[in-house]
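Input: a single structure, listed below in structure tokens.
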Amino acid sequence: MLMTVKGFNHRLLLLLLFVIALMTVMGSCGRRFDDLDHLTVFRYNEDLNITSLDPVYARNQANIWGVAQLYNSLVELDGSLNIRPAVARDWLISDDGLKYTFFLRDDVYFHDNECFVEGKGRRVVADDFVFSLARLIEPRLSSPGAWVMNALDRREDGSLDVSAADDTTLVIRLRHAFPPMLGLLSMQYCAVVPHEAVEKYGHDFRRNPVGTGPFRFAYWKEGVRLIYRKNDNYFEMEDSERLPYLDAISISFISDRQTAFLEFIKGNLDLLTRVDASYKDELITPSGRLQDKYKESIELITMPFLNSEYLGFFLGDAALPGDWPLYDKRVRQAINYGFDREKMLTFLRNNIGTPAHAGFVPVGMPGFTKNSGGYHYDPDKARSLLAEAGYPGGEGLPVITLHTNQAYQDIAQFMQFELAQVGIRLSIDVLPPATLREMMAGGDAPFFRGSWIADYPEAENYLALFYSNNKAPAGPNYTHFSCERFDLLYEKALNETNDSLRYELYRKMDQIVTEQAPKVFLFYDQSMRFVHRHVKNMSNNPLNHLVLKRVKISETKPDV
């Protein structure tokens, strides 16, 4: 009898331990993790997933948004893309544009973390930026942001010419003048990180982030939930109150956009940023306005997004015949004239975006001009250009294959129908996005769909796609466009520190690109943010950054 009781107790103990362990796991994945009840929690969904919280891998929007809440750089951008102080309170640029001296705040601290002595975050000093910027060019990290340091001078050992004069003075020297440099330094790639955390966590720093930002890392079950908590020691103040106002951020990873939309409508998400075809007409009108039934509960925030959508022609040396018709700019111009951009946006995107009737530099970018000799729908002009090129009515013109991905198949089919009316026949090759990018980089796609989102607020970021020395795969010139006059203007602009004179050079370059038509300009994008009315101070800028440090929630929301 005694043996039976002992056996029963042993089995019961094992069962209780199993139940406790199961409840712990379920709690960490479910509704009540990290004691978020009765806190002001901002919730959004990231359907594209987040792959790393290390800023040197902040390449796409998902990673950039995730990283932006945790870190600070020397400078930042405001809603109008003006450079503002961040960790650097002030800076000086030498007259020749080669030396940047930053004066750092002395009240910025890293988040508390066990990588520090007694777990207490220490003060940020200039040497931390020396360390952080050097990480970008470490070969073993293969950071996609290494190019941000291209303009910096190098020492004999190959290291960046970045030095700390003292704890609050950082000096950066460039190899040549580069006016967009401050904009580059505002990128998340250039955020400051502590060497202690990188040394402690190694490769796992990607999921053990330690920064200085308004929120600190709390929990991450990859593909399920990511939670940040308020950084009580954040250095920024507003109206005598320390930022941020939110207690926490909760990020879900629902891959199905229809499901995410329903979660937003039910109030389980505070923000919706992607307008998918599955619910587009339910949420917005054909004119791009919020449907009346949602106006009392939802606010729509929209503005130009620095993203140019295009179709590109490969113009380099390739395994194509010398008389390949796309080598003739008249055929390229005919394609640009041969379709109705307004109709395309109306029927396929509910007028979200602006027809690309100017050049490649988009609406909202300093240096944009409407007077760059752009293209409007003119089928008669398209037919005339085809005839001049030796293809009257499209006679003798071979079928042209357009390589695209699933997300833009509807635009490809629209182009196919429209261009057929002027004698240009298209076939459509739908590829996985990774395959399409690989073909573009290798020059294996004679006619391809692409887009370019600005990395920093300077028209040079767009015009770099046409500079001869940037031909892919070494650079972003996927068309292999080459023009000596363009190159001379581009190089002159790199050394021009006067904004007005530099913008004029940009306009001339954009006019050259427009006339030569190495791309079909489709539309300039527009960001749309849908937020529930209880969310206050939601901002945006033309780079579509997500800044949550000033966001407030007017009522306490239950945890999800």
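Go through (1) of a type in the set (Lys, Arg); (2) surrounded by 19 or more Cβ atoms within 10 Å (Cβ to Cβ); (3) under 30 Å from residue 92 (Cβ atoms) for residue 492 and report which single condition fails.
(2)
Here's a check for you: in the stretch 295-310, which residue that is in contact (Cβ under 8 Å) with a residue 60 or more places away in the chain and surrounded by fewer than 18 Cβ atoms within 10 Å (Cβ to Cβ) is farthest from the chain's Cα centre (by Cα)? If you could, list the steps in order and put the result at the bottom.
As a first pass, look at the stretch 295-310 and keep what is in contact (Cβ under 8 Å) with a residue 60 or more places away in the chain: 296-310.
Narrowing the set further to residues that are surrounded by fewer than 18 Cβ atoms within 10 Å (Cβ to Cβ) leaves 296-297, 299-303.
Details: 296: 31, 297: 28, 299: 23, 300: 21, 301: 18, 302: 17, 303: 15 Å.
The selected residue is 296.
Output yes when any residue across the stretch 460-471 is of a type in the set (S, T, N, Q), surrounded by 17 or more Cβ atoms within 10 Å (Cβ to Cβ), out of contact with any Asp or Glu (no Cβ under 9 Å at 6 or more places or on another chain) and on the phi < 0 side of the Ramachandran plot, and no when none is.
The initial filter retains those residues of the stretch 460-471 that are of a type in the set (S, T, N, Q), namely 461, 468-470.
Checking the rest, the ones that are also surrounded by 17 or more Cβ atoms within 10 Å (Cβ to Cβ) come to 461, 470.
Narrowing the set further to residues that are out of contact with any Asp or Glu (no Cβ under 9 Å at 6 or more places or on another chain) leaves 470.
Next, from what is left, pick out any that are on the phi < 0 side of the Ramachandran plot: 470.
Yes: the stretch 460-471 contains one or more residues that are of a type in the set (S, T, N, Q), surrounded by 17 or more Cβ atoms within 10 Å (Cβ to Cβ), out of contact with any Asp or Glu (no Cβ under 9 Å at 6 or more places or on another chain) and on the phi < 0 side of the Ramachandran plot.
Could you list all residues from the stretch 92-120 that are hydrophobic (A, V, I, L, M, F, W, C), in contact (Cβ under 8 Å) with a residue 24 or more places away in the chain and not in a strand (DSSP E or B)?
Hits for the stretch 92-120 are 98, 108, 110, 115, 116.
For residue 273, indicate whether it is at pLDDT below 95 and either touching a strand residue (DSSP E or B) at 6+ places or on another chain (Cβ under 8 Å) or in the same structural domain as residue 478 (by TED's automatic domain parsing) (or both). Step through it out loud before you land on a result.
Values: at pLDDT below 95: yes; either touching a strand residue (DSSP E or B) at 6+ places or on another chain (Cβ under 8 Å) or in the same structural domain as residue 478 (by TED's automatic domain parsing) (or both): yes.
Yes: the conditions hold for residue 273.
Is there any pair with a first residue in the stretch 428-450 that is more than 17 Å from residue 471 (Cβ to Cβ) and free of Cβ contacts under 8 Å to residues at least 60 places away in the same chain and a second that is hydroxyl-bearing (Ser, Thr, Tyr) and part of a strand (DSSP E or B) whose Cβ atoms are under 8 Å apart and which are 6 or more apart or on different chains, and what are they?
428/401; 428/404; 429/401; 429/404; 430/404; 431/404; 436/404
Within the stretch 339-346, identify whether any single residue is under 26 Å from residue 459 (Cβ atoms), among the aliphatic types (A, V, I, L, M), touching a helix residue (DSSP H, G or I) at 6+ places or on another chain (Cβ under 9 Å) and touching a residue at least 12 places away in the same chain (Cβ under 8 Å), and answer yes or no. Before the answer, list the steps.
Step one: of the stretch 339-346, the residues under 26 Å from residue 459 (Cβ atoms) are 339, 341-342, 344-345.
Checking the rest, the ones that are also among the aliphatic types (A, V, I, L, M) come to 344-345.
In the following step, the residues that additionally are touching a helix residue (DSSP H, G or I) at 6+ places or on another chain (Cβ under 9 Å) were identified as 344.
Checking the rest, the ones that are also touching a residue at least 12 places away in the same chain (Cβ under 8 Å) come to 344.
Within the stretch 339-346, one or more residues are under 26 Å from residue 459 (Cβ atoms), among the aliphatic types (A, V, I, L, M), touching a helix residue (DSSP H, G or I) at 6+ places or on another chain (Cβ under 9 Å) and touching a residue at least 12 places away in the same chain (Cβ under 8 Å).
If you check every pair at least six apart or on different chains, which have Cβ atoms under 9 Å apart with a residue in the stretch 174-190 that is assigned to a helix (DSSP H, G or I) first and a residue that is basic (Lys, Arg) second?
Partner pairs satisfying both residue conditions: 189/59.
Answer yes or no as to whether residue 139 is over 16 Å from residue 182 (Cα atoms) and free of Cβ contacts under 8 Å to residues at least 12 places away in the same chain.
On the way: over 16 Å from residue 182 (Cα atoms): yes; free of Cβ contacts under 8 Å to residues at least 12 places away in the same chain: yes.
It is true that residue 139 is over 16 Å from residue 182 (Cα atoms) and free of Cβ contacts under 8 Å to residues at least 12 places away in the same chain.
Against the conditions (1) modelled with pLDDT under 95; (2) among the charged types (D, E, K, R); (3) part of a strand (DSSP E or B), where does residue 89 fall short? Just the number, please.
Residue 89 satisfies every listed condition except (1).
Can you name the condition, by its number, that residue 504 falls short on among (1) in contact (Cβ under 8 Å) with a residue 24 or more places away in the chain; (2) assigned to a helix (DSSP H, G or I); (3) over 30 Å from residue 146 (Cβ atoms)?
For residue 504, the exception is condition (1).
So if I check each of 539, 500, 554, which one is over 30 Å from residue 94 (Cβ atoms), hydroxyl-bearing (Ser, Thr, Tyr), surrounded by fewer than 21 Cβ atoms within 10 Å (Cβ to Cβ) and out of contact with any Gly (no Cβ under 8 Å at 6 or more places or on another chain)? Don't jump to the end; show me each part of the working.
Details: 539 fails: out of contact with any Gly (no Cβ under 8 Å at 6 or more places or on another chain); 500 fails: over 30 Å from residue 94 (Cβ atoms).
After ruling out the rest, the residue left standing is 554.
If a residue must be closer than 14 Å to residue 55 by Cβ and either surrounded by 14 or more Cβ atoms within 10 Å (Cβ to Cβ) or not assigned by TED's automatic domain parsing to the domain that holds residue 186 (or both), how many such residues does the stretch 138-162 contain? Even if it seems obvious, please write down each step before you answer.
If we filter the stretch 138-162 for residues that are closer than 14 Å to residue 55 by Cβ, which is where we start, we get 138, 141, 143-146, 148-149.
From the residues that got through so far, the ones that are either surrounded by 14 or more Cβ atoms within 10 Å (Cβ to Cβ) or not assigned by TED's automatic domain parsing to the domain that holds residue 186 (or both) too are 141, 143-146, 148-149.
Residues in the stretch 138-162 being closer than 14 Å to residue 55 by Cβ and either surrounded by 14 or more Cβ atoms within 10 Å (Cβ to Cβ) or not assigned by TED's automatic domain parsing to the domain that holds residue 186 (or both): 7 in total.
If I ask for residues that are at pLDDT 95 or above and surrounded by fewer than 17 Cβ atoms within 10 Å (Cβ to Cβ), which ones from the stretch 342-375 would you list?
The answer is 342, 343.
In this structure, does residue 282 turn out to be surrounded by fewer than 18 Cβ atoms within 10 Å (Cβ to Cβ) and outside any helix (DSSP H, G or I)?
no
Restricting to the stretch 36-57, name every residue that is among the β-branched types (Val, Ile, Thr), farther than 12 Å from residue 222 by Cα and part of a loop (DSSP other than H, G, I, E, B). Show your work before the answer.
Filtering the stretch 36-57 down to residues among the β-branched types (Val, Ile, Thr) leaves 40-41, 50-51, 56.
Add one more test, that the residue is farther than 12 Å from residue 222 by Cα, and what stays is 40-41, 56.
Passing the criteria: only 40.
I need the full set of residues from the stretch 44-58 which are over 17 Å from residue 134 (Cβ atoms) and not aliphatic (A, V, I, L, M), in order please.
Residues of the stretch 44-58 over 17 Å from residue 134 (Cβ atoms): 44-53.
If the condition is that a residue be over 17 Å from residue 134 (Cβ atoms) and not aliphatic (A, V, I, L, M), then 44, 45, 46, 47, 49, 51, 52 are the ones that fit.
Only one residue in 233, 208 is more than 22 Å from the chain's Cα centre (by Cα), surrounded by fewer than 22 Cβ atoms within 10 Å (Cβ to Cβ), closer than 29 Å to residue 454 by Cα and not acidic (Asp, Glu), so which one is that?
Values: 233 fails: closer than 29 Å to residue 454 by Cα.
Result: 208 is the single residue among 233, 208 that is more than 22 Å from the chain's Cα centre (by Cα), surrounded by fewer than 22 Cβ atoms within 10 Å (Cβ to Cβ), closer than 29 Å to residue 454 by Cα and not acidic (Asp, Glu).
The values are calculated or read from the model by the stated rules, or taken from the named source; none is laboratory data. Small disclaimer: the values here were computed from a predicted structure and weren't measured. Counting neighbours? That spans all protein chains shown, and the Cβs are built from the backbone with ideal geometry, glycine included.
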